[in-house]
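Notes to accompany the following structure.
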Amino acid sequence: MLEIQISEKKLDEIASDCEIILVLEKNFDHRWVKDKTLLEKLHFKGEGFESAFLVEKDRIYVSIEKFERDAIRRGVASALKRIKKSNYKHAKIGSYVKDCPPIYTKAIVEGALLGSYSFNRYKSKVTPSSLQKLTISLEEYHEKTLNPESAQKAVEEAKIIAQATNFAKDIVNSTPDDMTPTQLAQEAEKLAKDLEGVECFVGDEKFLQEQKMGAFLAVSRASAHPPRFIHLTYKPQNAVAKYVFVGKGLTYDSGGLSLKPSEHMVTMKADKSGSASALAILKGAAELKLPFEVHAVIGACENMIGGNAYKPDDVLVAKNGVTIEVRNTDAEGRLVLADCLCYASELKPDYLVDLATLTGACVVALGEYSSGVMGHSSELKHQMLQAAQKSGELAGTLPFNDYLKNLLKSQIADISNISSSRYGGAITAGLFLDRFVSDELKEKWLHLDIAGPAYVEKAWGYNQAGASGAGVRMALYWLKDHYYQHNSYHKKEKK
Ligand code: BES
Ligand code: ZN
Ligand code: ZN
């Protein structure tokens, strides 16, 4: 993995074999732009992440539109992508703005680590990248605020967040046969072993029966791979609040008897993305040593066909006693989540967030790069959107309403697993989940539909083709924001 370090030396004094220069759009007058004439000769216009690799000078220029975190992430990622194709071993980059706030240092690190991820598990031949190290110069830090300590902290934090995201990508990119519910549970157990203060409980079919998780059991019934219920807990001493993240862990979604057409079935290995993100968020929170109790509750199973498959027309009974008419077995994620949300509600958290590749309708509504944020609390939705913005993830809210809720009525049971209308499918799925969130938690609950960005078959920004770890960064930034708020509140109280 790429090693990242900071240096108090001036950029020009750092020995490296390659230099990255971010050019603020059309501004060739920064003193680090040493090749103005050459760039002009090359017609380097400096528009939107265009890069010029002056190999003879060992310098790569990438233009970014403004000094804003995500532009920095994208610029650094794009430079490293080019450098990695060559023979360079050690690259350096400056911190640009006077008084450079640590958020930019973080953005450099995140862009570098997210952008240089690659998934090679199934390639017989892998050419390792020669690039091993990136040094960030602290030169432009204002003398008074020059604080290598805070910069180092920023680097560590960004590393944790980017690595958690890449960890989720590895799980999602693995094939359905390599990441069965049992293997996913093993990943969770391994995480618990590696992390301080983390414990893991894994429940099998017998546990699901004891818990009366009838909806979850029905979905997993036709699979050759048994289901797993996974509950990870990170419990630091003196925790100040409790968060539960619930993840949809469909290790494969064939659609079940309401079988998906072949072109929609490919990529359904990614239907476990919510669970991968929940694991990654817990890993990140534990490594950041946040003073919060964080739980990851995961329903892992496969949605398959067979003589014992659950069927349209079945009526299932969820953990909280609510009866569900099955009208489409491809709307399985909400069934698994129903039981998991009941279980999560019983943990009585301060905040409850579920992550799921729940609906194609969400992708239609927002496009494939954005997650849908739903819930009853405007304040909470706003917080998550702001956190997403800082983290570089894209998200938009989709509003609940009572008319859409009415479309879930069933003639034979308490609720139907699909809406009677073809419109508003992402929201009706969210409203279905609402039925399984306890009353006390309604205002403390968020539903993140990550069906679009969790897995995109073409590379975008600093994301590779395949999994992106959607939800991980926004949730970790959200938790960090809560932590800062908590801290400043207590400082004020002391005064
Ligand atoms: N896993 C899918 C949703 C999905 C679609 C994820 C595209 C990623 C990309 C989910 O289980 C599903 O099949 N949903 C159905 C719901 C419908 C039957 C009401 C859908 O979106 O078509
Ligand atoms: Zn489905
Ligand atoms: Zn699904």
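The values are calculated or read from the model by the stated rules, or taken from the named source; none is laboratory data. The structure presented is a predicted model; accordingly, all values stated were derived computationally and were not measured. For neighbour counting, all protein chains shown are included, and Cβ atoms are generated from backbone atoms with ideal geometry for every residue, glycine included. Just so you know, the surface numbers come from the protein's heavy atoms only, side chains and all, with ligands and any DNA or RNA stripped out. Shrake-Rupley method; radii C 1.70, N 1.55, O 1.52, S 1.80 Å.
Take the residues in the stretch 317-332 that are open to solvent by less than 40 Å² (accessible area, probe 1.4 Å) and within 15 Å of ligand 3 (Cβ to nearest atom); name whichever of them is nearest to Gly255 (Cα to Cα). Out of the qualifying residues, it is Thr329.
With the condition being touching a residue at least 60 places away in the same chain (Cβ under 8 Å) and out of contact with any helix residue (DSSP H, G or I) (no Cβ under 9 Å at 6 or more places or on another chain), I'd like the helices (runs of 4 or more DSSP H) fully within the stretch 399-495 carrying at least 2 qualifying residues. Quick ask: steps written out before the conclusion?
Numbers: elements: 402-406, 425-434, 472-494.
Where helices (runs of 4 or more DSSP H) fall fully within the stretch 399-495 and carry at least 2 residues being touching a residue at least 60 places away in the same chain (Cβ under 8 Å) and out of contact with any helix residue (DSSP H, G or I) (no Cβ under 9 Å at 6 or more places or on another chain), they are 472-494.
Restricted to strands (runs of 3 or more DSSP E) entirely inside the stretch 308-380, those with at least 2 residues that are among the small types (Gly, Ala, Ser), more than 12 Å from Ala429 (Cα to Cα) and within 20 Å of the chain's Cα centre (by Cα) are 370-375. Tyr351 meets the conditions (1) open to solvent by 10 Å² or more (accessible area, probe 1.4 Å); (2) within 16 Å of ligand 1 (Cβ to nearest atom); (3) of a type in the set (Ser, Thr, Tyr) in every case but one. The failed one is (2). Beta carbons closer than 8 Å, at least 6 apart along the sequence or on distinct chains, pair a first residue in the stretch 123-138 that is farther than 29 Å from Ser7 by Cα with a second that is exposed (fewer than 13 other Cβ atoms within 10 Å of the Cβ) for Val126/Asn120.
Is there a residue in the stretch 281-289 that is among the aliphatic types (A, V, I, L, M) and within 16 Å of ligand 1 (Cβ to nearest atom)? Checking the stretch 281-289: not a single residue is among the aliphatic types (A, V, I, L, M) and within 16 Å of ligand 1 (Cβ to nearest atom).
Is it the case, given these coordinates, that Ala361 is near ligand 1 (Cβ under 9 Å from one of its atoms) and over 17 Å from Lys444 (Cα atoms)? Give the derivation first.
Values: near ligand 1 (Cβ under 9 Å from one of its atoms): yes; over 17 Å from Lys444 (Cα atoms): yes.
Yes, satisfied.
Report, by residue number, each residue of the stretch 154-165 that is surrounded by fewer than 22 Cβ atoms within 10 Å (Cβ to Cβ) and either in contact (Cβ under 8 Å) with a residue 24 or more places away in the chain or closer than 12 Å to Lys283 by Cβ (or both). Passing the criteria: Val155, Glu157, Lys159, Ile160, Gln163. The lone criterion from (1) in contact with a helix residue (DSSP H, G or I) (Cβ under 7 Å, 6 or more places away or on another chain); (2) open to solvent by less than 10 Å² (accessible area, probe 1.4 Å); (3) under 24 Å from Ala475 (Cα atoms) left unmet by Leu288 is number (2). For Ser277, are the conditions met, namely being in contact (Cβ under 8 Å) with a residue 24 or more places away in the chain and either among the small types (Gly, Ala, Ser) or not assigned by TED's automatic domain parsing to the domain that holds Asp354 (or both)? Here the answer is yes, as Ser277 does meet what is asked.
Counting just the residues of the stretch 36-59 that are assigned to a loop (DSSP other than H, G, I, E, B), of a type in the set (Asp, Glu) and at pLDDT below 95, which one comes out farthest from Lys92 (Cα to Cα)? Only one residue fits best here, namely Glu47. Look at the stretch 24-37: where a residue is closer than 18 Å to Glu140 by Cα and a partner is open to solvent by 60 Å² or more (accessible area, probe 1.4 Å) and of a type in the set (Lys, Arg), sitting 6+ places away or on another chain with Cβ atoms under 9 Å, you get Leu24/Lys66; Phe28/Lys36; Asp29/Lys36; Lys34/Lys57.
Quick grid of which residues meet (1) within 11 Å of ligand 1 (Cβ to nearest atom); (2) over 27 Å from Leu352 (Cβ atoms); (3) in contact with a strand residue (DSSP E or B) (Cβ under 9 Å, 6 or more places away or on another chain); (4) not polar (S, T, N, Q):
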position: Val219; (1), (2), (3), (4): yes, no, yes, yes
position: Ser223; (1), (2), (3), (4): no, yes, yes, no
position: Pro227; (1), (2), (3), (4): no, no, yes, yes
position: Thr233; (1), (2), (3), (4): no, no, yes, no
position: Gln237; (1), (2), (3), (4): no, no, no, no
position: Ser258; (1), (2), (3), (4): yes, yes, no, no
position: Lys272; (1), (2), (3), (4): yes, no, yes, yes
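Just one of the listed residues (Val62, Val33, Val23) is of a type outside the set (Asp, Glu) and assigned to a loop (DSSP other than H, G, I, E, B), namely Val33. Inside the stretch 260-281, residues that are more than 10 Å from ligand 2 (Cβ to nearest atom), surrounded by 15 or more Cβ atoms within 10 Å (Cβ to Cβ) and not charged (D, E, K, R) make up a count of 11.
Residue pairs whose Cβ atoms lie under 7 Å apart, separated by 6 or more positions or on different chains, with the first residue in the stretch 75-93 and in the same structural domain as Ile20 (by TED's automatic domain parsing) and within 18 Å of Gly46 (Cα to Cα) and the second open to solvent by 20 Å² or more (accessible area, probe 1.4 Å) and of a type in the set (Phe, Trp, Tyr), are Gly75/Phe49; Ser78/Phe49; Arg82/Phe53. Under the condition of being within 16 Å of ligand 3 (Cβ to nearest atom), within 21 Å of Leu407 (Cβ to Cβ) and open to solvent by less than 40 Å² (accessible area, probe 1.4 Å), the residues counted in the stretch 362-377 number 2.
Please indicate, with yes or no, whether at least one residue in the stretch 455-467 is in contact with a strand residue (DSSP E or B) (Cβ under 9 Å, 6 or more places away or on another chain), more than 24 Å from Gln163 (Cα to Cα) and assigned by TED's automatic domain parsing to the domain that holds Asp313. Scanning the stretch 455-467 turns up no residue that is in contact with a strand residue (DSSP E or B) (Cβ under 9 Å, 6 or more places away or on another chain), more than 24 Å from Gln163 (Cα to Cα) and assigned by TED's automatic domain parsing to the domain that holds Asp313.
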